[in-house]
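Quick notes on the structure that follows.
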Amino acid sequence: MKPLSRFFFSVGAPSLLVLVFCLIGPAEVAAQPFCSAPNLVDVTFAAGTRWRFCWEMRQREGLVINRAFYTARGTPEREVLFRASVAQVHVPYHPGSPRFRDLTISTSGLGAGALNLSVPECSPGTLLDPKVCRQIRDRGFAWKFSGLFQKGQEVIVWSSSQLGQYNYITEWIFMDDGTVVPRIGFTGRLQITGTDDGFEPFGQRINPEADPTPVFGVSHFHHVYWRFDTDIGGSSDNAIDNISTSQYFGPPPSPVSACLNFGECTTNSRFRFTNETFDGLFAPFTFWHVFNKGITNADGRNIGYEIVPEGNQHWDGMTDTDEPWSLADLYITTFNGCELLATDNEPPFIPAECAGAATNVLDMTAEGDNVDGADLVLWYVGHFQHVPRDEEEPNMLIEYQGVRLQPRSWRHINTLQP
Amino acid sequence: MDNQRNVDKFLRLPYRGISLLLALLAMGVLASPVMAQRPLDPLTPREIELAKSVLLGDRRANQYLGGNSRYHFVNIERHEEDKSVAGTAERRADVVLYNYTKDETVSAVVRVGTSPRVDAMQIIRDRSPGLSPEEVEEAKQLALADPGVQMKLTAAGISEIANGSLIITYLFAQASDKADACSTHRCVLLYFNTREVALLSVVVDLSARRVHVE
């Protein structure tokens, strides 16, 4: 064989093959990431499961999550969230005013107020950006049975936004078992105090009782609106059920009880939402189940996620007048790229091309589009009441409001099981 | 014959090495996540500057701003494309500019890829965007230079501003009362704190460049 042809067969052809491989890849290679480092977070845990997502700091919404994919043991990588963000923080004070809307008319936004973080604040962890910290940490038990156990891990990205005297810690926690916990920590300093005796029903005294002039820390709510563009296994063919819990009375009896006494038996019922609408925590132990109607696990059940309220209770704002959008705890809409904020959804708070979009989350449900097999966006409202304590001087001890998104039938068994 | 085989074997080794090296190089270059900009990457400094120049060079924007408007770029960030075209559309920027001369806002969508141009532009008169870091800093400097603020800080024992003893936070201060200048002007509410206590609050009117101690 001539040297040139030998060179080709020995060097060129294999290299060419590798080049072609890299360009087209085998079918099993995961999709290329949608973002680059440092905005890409790609973590494979000790359990062998994996989260891959992008983050971005946006002026209004602050730390936003894009394209979050989860790989459980024994399952292919599948999308969970196309986009997840804080869509408003509504802070009405108990005396009636002020009534802040922190992402829009009252401040410059969570992103504009995001602080540069120091290395000690993010320790142990990595500053992906001066304003964003990523930490991978142990989360205690994933499960335990008798002497068997598995310890769990989670990856968290978080930022700190100084809005007036308040400091909001925006957290996105992704656990190795597939659970996602978005939450906001409230800290900083009390924003509003009052010295008029008339504040007494609306706050708590924070200066010494012996002082002639009272100083009241004024009570208020933080209603956090999260926007979850849940693309469970993809953007199409998603649906959502309400799962309610109620007393059950026989007949017929349960397999083990007559169910004739109050408090003896309990059932869960499912209600399928068919059109854009809203729902609330009007009954105890309500939660929701969003799933893909076309993809099932090995047991034949649709893959999905539960939305589980944590430490949340229903509360109405000025629903009859200025705040009609404050009447619900979950809004269900179909995807619309211009529907980004729960209130004041109009330029300059959203892009100029979006002029004319529905201006609040309640109005976004007005068209009543089909949501039973569609591309869904869920708006969850977490309500946190702040009644000031002495312990909040001079700096407020942090308290959190969040929600739990956890897999339901994502796999036919435990997501961590080898 | 044996010698030829040995020679062949000897020659194959470097060929294999070169082959492996080329293959590794190809994989490394193609696998690099930084090589090509990805659709969800934030705007680069170049794209941000391009967005500004494209907007300022736009005929409508030019006509609106005129020759002597006092304006400020409040925010420029990546425009999020509709899901149906995400990842394939030309990159665009959401641009927000505040016109101090008229106390109005320009909100625009600008292409920053291969065909730069303004895709959408709105003039907004009844809603103001939040403050940029530069505007907040300007408000702080105006406040610190105000004799009324200085008197209050001195009375509180703050003699040296630069030593880090002062922590200043802020809120956007657009008033709803039409009689208040801050209902139409661009105003900032500043809170002055020490490490131990909140001291005072100050309203800075950036449009009129006035300071009011509360």
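The values are calculated or read from the model by the stated rules, or taken from the named source; none is laboratory data. Everything numeric here is computed off the predicted structure, so don't read it as measured data. Every residue, glycine among them, receives a Cβ derived from its backbone with ideal geometry; neighbour counts consider all protein chains shown. Calculation scope for accessible area: heavy atoms of the full protein, side chains included, ligands and nucleic acids excluded. Shrake-Rupley method; radii C 1.70, N 1.55, O 1.52, S 1.80 Å.
Which residues in the stretch A:153-191 have a backbone N closer than 16 Å to a point placed 7 Å from the Cα of A:E393 along the Cα-to-Cβ line? Backbone N within reach: A:189-191. Specify the residue with the greatest mean-square fluctuation among A:N167, A:N395, A:N242, computed from a Gaussian network of chain A linking alpha-carbon atoms under 10 Å apart. Between A:N167, A:N395, A:N242, it is A:N395 that shows the largest mean-square fluctuation. Rg ratio for the protein assembly as shown: its Cα radius of gyration over 2.2 N^0.38 Å, N being its residue count, equals 1.13. With each label modelled as a point 7 angstrom along the Cα→C-beta vector, the B:N62-A:D316 pair spans 5.6 nm. The mean number of partner chain beta-carbon atoms within 10 angstrom of a residue's beta-carbon across peptide A:127-133 is 0.
Loop-resident GluC sites (Glu not before Pro) (DSSP state other than H, G, I, E or B) in the stretch A:183-292 with no more than 12 further Cβ atoms inside 10 Å of their Cβ: A:E209.
In chain A, the calculated helix contribution to ellipticity at 222 nm averages -1500 deg cm²/dmol per residue, counting -39,500 (n - 2.57) for every DSSP H run with n ≥ 4.
Computed over protein heavy atoms with a 1.4 Å probe, the carbon and sulfur contribution to the accessible area of the protein assembly as shown reaches 56%. When the Gaussian network model of chain A links Cα atoms closer than 10 Å, the mean-square fluctuations of A:A210, A:A357, A:A366 top out at A:A210.
Note on B:167-174: average number of Cβ atoms from other chains within 10 Å of each residue's Cβ is 6. Loop-located trypsin sites (Lys or Arg not before Pro) in the stretch A:108-159 (DSSP state other than H, G, I, E, B) with a sparse environment of at most 12 neighbouring Cβ atoms within 10 Å are absent.
What net charge do the residues around A:C35 carry, taking every other residue with its C-beta under 12 Å from that of A:C35, with Lys and Arg at +1 and Asp and Glu at -1? Spell out each step's value before the answer.
Values: positive: A:R52, A:R67, B:R38, B:R78; negative: A:D42, A:E56, B:D41.
In short, +1.
The label-point distance for A:N370 and B:T114, in a model that sets each label 7 Å from Cα toward Cβ, rounds to 3.7 nm.
On full extension of the chain, what length is gained from A:D211 through A:D42, given 0.36 nm per residue of separation minus the C-alpha to C-alpha distance?
Working: separation 169, 0.36 × 169 = 60.84 nm, distance 5.61 nm.
Stretched out fully, the A:D211 to A:D42 stretch lengthens by 55.2 nm.
Shown is the FRET efficiency for A:Q417 and A:S254, computed with R0 = 35 Å from the Cβ-Cβ distance and rounded to the nearest 0.05: 0.70.
Shown are A:M396, B:M121, whose ranking by accessible area with a 1.4 Å probe and every protein chain present, most to least, is B:M121, A:M396.
Helix A:13-24 and the longest principal axis of the C-alpha atoms of chain A enclose an angle of approximately 30°.
Using a 1.4 angstrom probe on protein heavy atoms only, the contact between A and B buries about 4400 square angstrom of accessible area, both sides summed. Taking 32 Å as the limit for the C-alpha separation, the pairs A:K151/B:K83; A:K131/B:K102; B:K52/B:K83; B:K52/B:K152; A:K144/B:K83 exceed it in the case of A:K151/B:K83; A:K131/B:K102; B:K52/B:K152; A:K144/B:K83.
Loop-only check: which chymotrypsin sites (Phe, Trp or Tyr not before Pro) in the stretch A:68-134 are DSSP coil with at most 13 other Cβ within 10 angstrom?
Values: sites: A:F69, A:Y70, A:F82, A:Y93, A:F100; in loops: none.
Here no chymotrypsin sites (Phe, Trp or Tyr not before Pro) fit, given the DSSP loop and packing criteria.
With K and R counted +1 and D and E -1, the other residues having a Cβ less than 15 Å from that of A:E391 yield a net charge of -1. Result for chain A in a Gaussian network model with C-alpha springs under 10 Å: among A:G317, A:G356, A:G382, the largest mean-square fluctuation is at A:G356.
If a spin label sat at a point 7 angstrom from the Cα of B:R125 along the line to its beta carbon, no backbone N atom of the stretch B:171-207 would be nearer than 12 Å.
For A:P309, what charge total do you get from the other residues with a beta carbon under 13 Å from its beta carbon, if Lys and Arg give +1 and Asp and Glu give -1? Mind showing how you got there, number by number?
On the way: positive: A:R183, A:R404; negative: A:D279, A:E306, A:E310, A:D329.
Charge balance near A:P309 sits at -2.
R0 = 25 Å: FRET efficiency of A:E200 with A:S118, Cβ-based, nearest 0.05? Mind dumping the intermediate values first?
Numbers: r = 40 Å, r/R0 = 1.62.
Taking R0 as 25 Å, the efficiency between A:E200 and A:S118 is 0.05.
Label positions at A:T266 and A:D363, each projected 7 Å from the Cα along the C-beta direction, are separated by 4.1 nm.
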